[in-house]
Amino acid sequence: MKIILVVGGAGYIGSHAVKMLLANGYQVVTLDNLSGGYRDAVVGGDFILGDISDPSCLKNLFNNYNFAGVMHFASFIQVGESIENPGKYYQNNVAGTLNLLDIMVAHQVKNFIFSSTAAIFGEPQYIPIDEQHAKQPINPYGLSKLMIEQILADYEHAYGLKSICLRYFNAAGADPEGQLGERHSPETHLIPLVLQVASGKREFISVFGQDYDTPDGTCIRDYIHINDLCQAHLLALEKLLAGANSNAYNLGNGEGFSVNHVIEIAKQVTGKIIPVKLAKRRVGDPARLVANSKQAQIELNWRPKYTDLVKIITHAWQWEIRY
Ligand code: UFG
């Protein structure tokens, strides 16, 4: 059985990936410092409480297991916070990841799947955004991810470490079986916040800006179901294990939905009243972010299953009322 290390496996995306790896016959070891994740979100495999900033922890881990590959989800993800406190982002997302890459090199673990982001592109120059789009991040979060993408190219050249970078657009939804879901603290993402209003945990949803250059004036995003996202990770891992070269793919549905549209669908799915308050634009929000994921579909043979926003919000709601 191949052993896969999932760094950040107790978080939102990592926990769904752990479940999928286990279901596909891999042995899984999760490393997580539980700063944003939950121990009970790790549904199987071994769990190690530890941090990528701690080289001795990584050393022990790599001495104890013979990993076939590593998936790395452990990063800070809040754009606004990254502008206020860039050191936190460069320390963890860049320096921490370098520790991880160095221990992989030392132990000749050659296969790395990296959680990258649409934020590496910055303000879109055209839509949908393909892999060739200019990469000019406008905040430290996006830059921290782009730096690792660039470092990975050098590590492949010098040490033969192979990687696939997956640039997520808006990860959303929850485990269709209802076992796992999104639990960020603080929550900043649109869909879980809207559903927290529907379930009575919040009074209203603030809509950040209604004067964008879009049909209804609110921002448009490309929401991709968490299981489809994890499926792409599995396919990318299998491709590397089979000997493929390094690559990078944009992952989204290729269809954009406005903030108002998301709220309307949430009303339909939940049958609840969702009070809305108009708020100022949030700094750094582009009007539209939509992915071109053709390359992933062709090269990874990736076939997203839950492309319908109703399905995505239904699964998120199933989790919201359970959790
Ligand atoms: N929004 C609101 N009200 C809220 C929360 C969000 O109107 O209370 C709006 C935002 O302004 C944005 C849209 O809903 O237009 C989606 O916002 P999210 O915060 O859910 O997601 P983002 O598109 O801002 O962020 C996502 C990822 C980030 C990544 C970014 C890439 O979650 O990690 O895409 O730019 F950096």
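The values are calculated or read from the model by the stated rules, or taken from the named source; none is laboratory data. Predicted model only: the values in this text are computed from it and were never measured. Cβ: placed from backbone, ideal geometry, glycine included. Neighbour counts: every protein chain shown.
Determine, yes or no, whether Leu240 is in the same structural domain as Phe112 (by TED's automatic domain parsing) and among the hydrophobic types (A, V, I, L, M, F, W, C). Full working, then the answer.
Values: in the same structural domain as Phe112 (by TED's automatic domain parsing): yes; among the hydrophobic types (A, V, I, L, M, F, W, C): yes.
So Leu240 fits the description; yes.
Out of the range 190-212, which residues are touching a helix residue (DSSP H, G or I) at 6+ places or on another chain (Cβ under 9 Å), part of a helix (DSSP H, G or I) and near the ligand (Cβ under 9 Å from one of its atoms)?
Hits for the range 190-212 are Leu190, Ile191, Pro192, Val194.
Looking only at residues in the range 148-189 that are of a type in the set (A, V, I, L, M) and surrounded by fewer than 19 Cβ atoms within 10 Å (Cβ to Cβ), which one is farthest from the ligand (Cβ to nearest atom)?
Here the residue is Ala158.
From Tyr65, Tyr89, Tyr38, grab the single residue that is buried (at least 21 other Cβ atoms within 10 Å of the Cβ) and touching a residue at least 40 places away in the same chain (Cβ under 8 Å).
The unique qualifying residue is Tyr89.
Just the residues that are within 12 Å of Gly254 (Cα to Cα) and surrounded by 15 or more Cβ atoms within 10 Å (Cβ to Cβ), please, taken from the range 298-308.
Pro304, Thr307
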